[in-house]
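I have placed the structure first, in the form of structure tokens, so that the comments after it can refer back to it.
The values are calculated or read from the model by the stated rules, or taken from the named source; none is laboratory data. Note that the structure is predicted; figures quoted are calculated from it, not measured. Using ideal geometry, Cβ is built from the backbone for each residue, glycine included, and neighbour counts are taken over all protein chains shown. Keep in mind that these areas ignore ligands, DNA and RNA; they rest on the heavy atoms of the full protein, side chains included. Shrake-Rupley method; radii C 1.70, N 1.55, O 1.52, S 1.80 Å.
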Amino acid sequence: MDLGFPLGIRLTHAFNLVFLTLLIRSGIEILGGHPMLYFNDHCRPGSEWIRFTSKRMFRNLRWTAEDEKQPYTSWVALPGRDNLGLGRFWHFVAVIGWLMTGVVYVLLLFTGEQWRRLVPTSPDVFSHAWVAAVAYLRFDLPPAGDPYNALQQLTYFAVVFVLAPLQITTGLAMSPAIAGRFSWIPRLFGGRQAARSLHFLGLIAFVAFAVHHVALVIAHGLLDGLGAIVLGVEAPTAAQRAVAAAIGLAFLAALVALHVWATRRSLQDPRAVQDALQRIVDPVQARLLQPLTSRQRYRSQDITPDPRPNGRPPRNQAYVELLERGFIDWRFEIDGLVENPLSLTLAELRSLAPEHQITQHKCIQGWSYTAAWEGVPLRVLLERCRPDSRARYILFRTFDEKWEEPGHGEYYSVIDLELAGAPQTLLAYEMNGVPLPSAYGAPLRLRLENQLGYKMVKWIRSMELIARYDDIGAGYGGWRADRLHYSRIAPI
């Protein structure tokens, strides 16, 4: 059997390397958002099984999850320097490219004889693989296979048909939209944080495989291997070896140049990079993930004790005075493109058909917790204010003046009007059976259970129905999208 390396197989190998390197570097950027890994969904400090930061949060000091971030150098992370928003855009663009490459590769395998290269057809492969493993451990080369020896074949099979699907499914398990709609997916791995840990271990496995793969190519004959994978020639001549080596070096140089360009461009002109990548990523998210409805049903025993807060409560005088008086004088204003503007006290909100739910909060940084929420369904308020036909979005304004970052403006967020009708979309005024604490968003916070936490605005002041948002803030639909280059939608 002489399978050779057809052009399609060779090209998919090249694209696979491009997208995998982008995935690894952008994945490191994402890890810096919360550089600890867990096998429990409560993420309590000290329960991590590994950490990639020297930072320690102390019980006698007030801290939030923002303090735990660990910026990584641009030499390893894409783009580095604490740019989680752009890191996610690069990661998801690379995911799309990697999945498309994988689909083409698998089609090429099974529409011809190429599948025989990877799929064992006899149980003897295991005994032959043992013989090959012993030979490698002795620093000898086992007899050549056709086309691989048995150990190589099993390894490549595991990478393509076990490791790659594992990375895909653990990635999906971390999506709030997927996990909220299909709760059995994260349960396959023992929860969201276990899936996150396995996703990281899968990254390590891909890196280890790449190093091992290159080492074997060198051991079995680098120039012959390059001739096969670059030119498709099994026994290249000296001239063909030289051509293959030149093409291989040019490809590696181009790959390095791509990473240098992506990193420098992201750091020097982040807005342009956000615009370009968002045009690729957001339509895919909007079509595949955004419509999924959360159906979370956690139990009271699943509630996280003392969950992480994120962000510091407002310090402006208006908020401080309202907090001191228990928000007795606070009124929630609903206006904009509505037939019936509303102005409601906290007591009036509490009287409007309250609903209770226990759900998991999933932060964009990576951590999570489970809490019980009680509040008024957003759809109830919409029924009362009656949006007119021009309304497409809901704008939430808050008391959060971002005092930690002077001059960066008031925190706001825009959500699609369609999301407001979802069963678990609440304006919550209670958390775990008590009035919503200031650290978690009092007097009112949004619960949007198919989105990441940064879309669930805290310290809400008002709500406005609008037709467009490009004239609000920097025009990207939220403070984090404006300032930190996040996406306006956050289902993954």
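For segment 330-346, what are the residues that are surrounded by 14 or more Cβ atoms within 10 Å (Cβ to Cβ) and small (G, A, S)? Please lay out each step first, then the result.
Step one: filter segment 330-346 for residues surrounded by 14 or more Cβ atoms within 10 Å (Cβ to Cβ), giving 330-338, 342, 344-346.
Answer for segment 330-346, where residues must be surrounded by 14 or more Cβ atoms within 10 Å (Cβ to Cβ) and small (G, A, S): just G336.
Of all residues in segment 162-175, count the ones that are open to solvent by 40 Å² or more (accessible area, probe 1.4 Å) and touching a helix residue (DSSP H, G or I) at 6+ places or on another chain (Cβ under 9 Å). Even if it seems obvious, please write down each step before you answer.
If we filter segment 162-175 for residues that are open to solvent by 40 Å² or more (accessible area, probe 1.4 Å), which is where we start, we get 162, 165-166, 168-169, 172.
Still in the list and also touching a helix residue (DSSP H, G or I) at 6+ places or on another chain (Cβ under 9 Å): 166, 168-169, 172.
Final tally of qualifying residues: 4.
Being open to solvent by 40 Å² or more (accessible area, probe 1.4 Å), out of contact with any strand residue (DSSP E or B) (no Cβ under 9 Å at 6 or more places or on another chain) and at pLDDT 95 or above is the filter here, so list the residues in segment 31-46 that pass it. Break it down into steps so the answer makes sense when it comes.
Filtering segment 31-46 down to residues open to solvent by 40 Å² or more (accessible area, probe 1.4 Å) leaves 39-40, 42, 44-46.
Restricting the remaining residues to those that are out of contact with any strand residue (DSSP E or B) (no Cβ under 9 Å at 6 or more places or on another chain) gives 39-40, 46.
Hits for segment 31-46 are F39, N40.
Out of the residues in segment 392-439 meeting the condition of being outside any strand (DSSP E or B) and small (G, A, S), tell me which one is least open to solvent (accessible area, probe 1.4 Å).
Going residue by residue through segment 392-439, those that are outside any strand (DSSP E or B) are 392, 399-411, 417-424, 432-433, 436-439.
Of the ones still in play, those that are also small (G, A, S) are 407, 409, 420-422, 433, 438-439.
Details: G407: 75, G409: 33, A420: 0, G421: 46, A422: 26, G433: 63, S438: 26, A439: 27 Å².
Result: A420.
Could you tell me which residue of segment 347-383 is most open to solvent (accessible area, probe 1.4 Å), considering only residues that are in a helix (DSSP H, G or I) and within 29 Å of P176 (Cα to Cα)?
Taking segment 347-383 as the starting set, the residues that turn out to be in a helix (DSSP H, G or I) are 347-350, 378-383.
The next check asks that each one be within 29 Å of P176 (Cα to Cα); those that pass are 349-350, 378-383.
Values: L349: 0, R350: 81, L378: 0, R379: 74, V380: 27, L381: 0, L382: 23, E383: 128 Å².
The selected residue is E383.
Which pairs have Cβ atoms under 6 Å, sit 6 or more apart or on different chains, and link a residue in segment 323-337 that is at negative phi and in contact (Cβ under 8 Å) with a residue 12 or more places away in the chain to one that is open to solvent by less than 90 Å² (accessible area, probe 1.4 Å) and of a type in the set (D, E)?
D335/E464; L337/D388
Within segment 445-471, which residues are closer than 14 Å to Y411 by Cβ, open to solvent by less than 40 Å² (accessible area, probe 1.4 Å) and either assigned to a loop (DSSP other than H, G, I, E, B) or among the polar types (S, T, N, Q) (or both)?
M456, V457, W459, S462
What's the total number of residues in segment 181-195 that are outside any helix (DSSP H, G or I) and either open to solvent by less than 50 Å² (accessible area, probe 1.4 Å) or at negative phi (or both)? Explain how you work it out, then say what you get.
Start the filter on segment 181-195 by keeping residues that are outside any helix (DSSP H, G or I), which leaves 182-183, 188-191.
Then keep just the ones that are either open to solvent by less than 50 Å² (accessible area, probe 1.4 Å) or at negative phi (or both); that gives 182-183, 188-189, 191.
Looking only at that region, the number is 5.
Out of the residues in segment 97-144 that are under 30 Å from T263 (Cβ atoms) and surrounded by fewer than 14 Cβ atoms within 10 Å (Cβ to Cβ), state the one that is nearest to the chain's Cα centre (by Cα). Reasoning before the result, please.
Within segment 97-144, the subset under 30 Å from T263 (Cβ atoms) is 97-105.
If we keep only those that are surrounded by fewer than 14 Cβ atoms within 10 Å (Cβ to Cβ) as well, we get 99-100, 103.
On the way: L99: 15, M100: 18, V103: 21 Å.
Among residues in segment 97-144 that are under 30 Å from T263 (Cβ atoms) and surrounded by fewer than 14 Cβ atoms within 10 Å (Cβ to Cβ), the one nearest to the chain's Cα centre (by Cα) is L99.
Would you mind stating whether P123 is at pLDDT 85 or above and more than 23 Å from T21 (Cβ to Cβ)?
Details: at pLDDT 85 or above: yes; more than 23 Å from T21 (Cβ to Cβ): yes.
So P123 passes the test.
Looking at I178, I247, can you tell me which residue is β-branched (V, I, T) and either open to solvent by less than 50 Å² (accessible area, probe 1.4 Å) or out of contact with any helix residue (DSSP H, G or I) (no Cβ under 9 Å at 6 or more places or on another chain) (or both)? First the steps, then the outcome.
Working: I247 fails: either open to solvent by less than 50 Å² (accessible area, probe 1.4 Å) or out of contact with any helix residue (DSSP H, G or I) (no Cβ under 9 Å at 6 or more places or on another chain) (or both).
Within the list I178, I247, the selection yields I178.
Which of the residues spanning segment 181-210 are touching a helix residue (DSSP H, G or I) at 6+ places or on another chain (Cβ under 8 Å) and polar (S, T, N, Q)?
Passing the criteria: none in range.
How about segment 260-271: which of its residues are under 17 Å from S26 (Cβ atoms), open to solvent by 20 Å² or more (accessible area, probe 1.4 Å) and of a type outside the set (V, I, T)?
Initially, segment 260-271 is screened for residues under 17 Å from S26 (Cβ atoms), giving 260-267, 270.
Now drop any that are not open to solvent by 20 Å² or more (accessible area, probe 1.4 Å), which leaves 260-261, 264-265, 267, 270.
Of everything in segment 260-271, those that are under 17 Å from S26 (Cβ atoms), open to solvent by 20 Å² or more (accessible area, probe 1.4 Å) and of a type outside the set (V, I, T) turn out to be W261, R264, R265, L267, P270.
Considering only segment 231-285, state which residues are over 34 Å from the mean Cα position of the chain (by Cα) and in a helix (DSSP H, G or I).
As a first pass, look at segment 231-285 and keep what is over 34 Å from the mean Cα position of the chain (by Cα): 231-247.
Result: L231, A238, A239, Q240, R241, A242, V243, A244, A245, A246, I247.
In segment 300-330, which residues are within 26 Å of Y454 (Cβ to Cβ) and charged (D, E, K, R)?
Within segment 300-330, D302, D306, R308, R312, R315 meet the criteria.
If you scan segment 69-96, which residues turn out to be hydrophobic (A, V, I, L, M, F, W, C), part of a helix (DSSP H, G or I) and under 19 Å from V260 (Cβ atoms)?
In the first step, residues of segment 69-96 are kept if they are hydrophobic (A, V, I, L, M, F, W, C); the result is 75-78, 84, 86, 89-90, 92-96.
From what is left, the residues that are part of a helix (DSSP H, G or I) are 84, 86, 89-90, 92-96.
The answer is L86, F89, W90, V93, A94.
Which condition number in (1) surrounded by 14 or more Cβ atoms within 10 Å (Cβ to Cβ); (2) in contact (Cβ under 8 Å) with a residue 24 or more places away in the chain; (3) out of contact with any Asp or Glu (no Cβ under 6 Å at 6 or more places or on another chain) is the one that W49 fails?
With (1) surrounded by 14 or more Cβ atoms within 10 Å (Cβ to Cβ); (2) in contact (Cβ under 8 Å) with a residue 24 or more places away in the chain; (3) out of contact with any Asp or Glu (no Cβ under 6 Å at 6 or more places or on another chain) applied to W49, the lone miss is (1).
So how many residues does segment 439-463 have that are in contact with a Phe, Trp or Tyr (Cβ under 8 Å, 6 or more places away or on another chain) and within 18 Å of E401 (Cα to Cα)?
Residues of segment 439-463 that are in contact with a Phe, Trp or Tyr (Cβ under 8 Å, 6 or more places away or on another chain), as a first pass: 441-447, 454, 457-463.
Next cut, within 18 Å of E401 (Cα to Cα) only: 441-446, 454, 457-463.
Going through segment 439-463 one residue at a time, the tally reaches 14.
D269 - would you say it is out of contact with any strand residue (DSSP E or B) (no Cβ under 8 Å at 6 or more places or on another chain), over 22 Å from P377 (Cα atoms) and without any contact (Cβ under 8 Å) to a residue 60 or more places away in the chain? Before you say what the answer is, go through the steps one by one.
Numbers: out of contact with any strand residue (DSSP E or B) (no Cβ under 8 Å at 6 or more places or on another chain): yes; over 22 Å from P377 (Cα atoms): yes; without any contact (Cβ under 8 Å) to a residue 60 or more places away in the chain: yes.
Taking the combined requirement at face value, the residue satisfies it.
Just to be sure I understand the filter: pairs with C-beta atoms under 7 Å, separated by 6 or more residues or on different chains, first member in segment 24-37 and closer than 12 Å to F52 by Cα and touching a residue at least 40 places away in the same chain (Cβ under 8 Å), second member among the acidic types (D, E) and assigned to a helix (DSSP H, G or I). Which pairs pass?
H34/E68
Specify the residue that is most open to solvent (accessible area, probe 1.4 Å); the eligible residues are those in segment 280-329 that are of a type in the set (A, V, I, L, M) and within 16 Å of L172 (Cα to Cα).
Taking segment 280-329 as the starting set, the residues that turn out to be of a type in the set (A, V, I, L, M) are 280-281, 284, 286, 288-289, 292, 303, 318, 320, 322-323, 328.
If we keep only those that are within 16 Å of L172 (Cα to Cα) too, we end up with 281, 284, 286, 288-289, 292.
Numbers: V281: 4, V284: 61, A286: 48, L288: 115, L289: 21, L292: 36 Å².
Ranking the qualifying residues of segment 280-329, first place goes to L288.
Pick from A490, A474, A442: which is surrounded by fewer than 23 Cβ atoms within 10 Å (Cβ to Cβ), in a loop (DSSP other than H, G, I, E, B) and among the aliphatic types (A, V, I, L, M)? I'd like the intermediate steps shown before the answer.
Values: A490 fails: surrounded by fewer than 23 Cβ atoms within 10 Å (Cβ to Cβ); A442 fails: surrounded by fewer than 23 Cβ atoms within 10 Å (Cβ to Cβ).
Step by step, each of A490, A474, A442 is checked, and only A474 is surrounded by fewer than 23 Cβ atoms within 10 Å (Cβ to Cβ), in a loop (DSSP other than H, G, I, E, B) and among the aliphatic types (A, V, I, L, M).
Criterion first (assigned to a helix (DSSP H, G or I) and hydrophobic (A, V, I, L, M, F, W, C)) does V104 satisfy it? Show your work before the answer.
On the way: assigned to a helix (DSSP H, G or I): yes; hydrophobic (A, V, I, L, M, F, W, C): yes.
Here the answer is yes, as V104 does meet what is asked.
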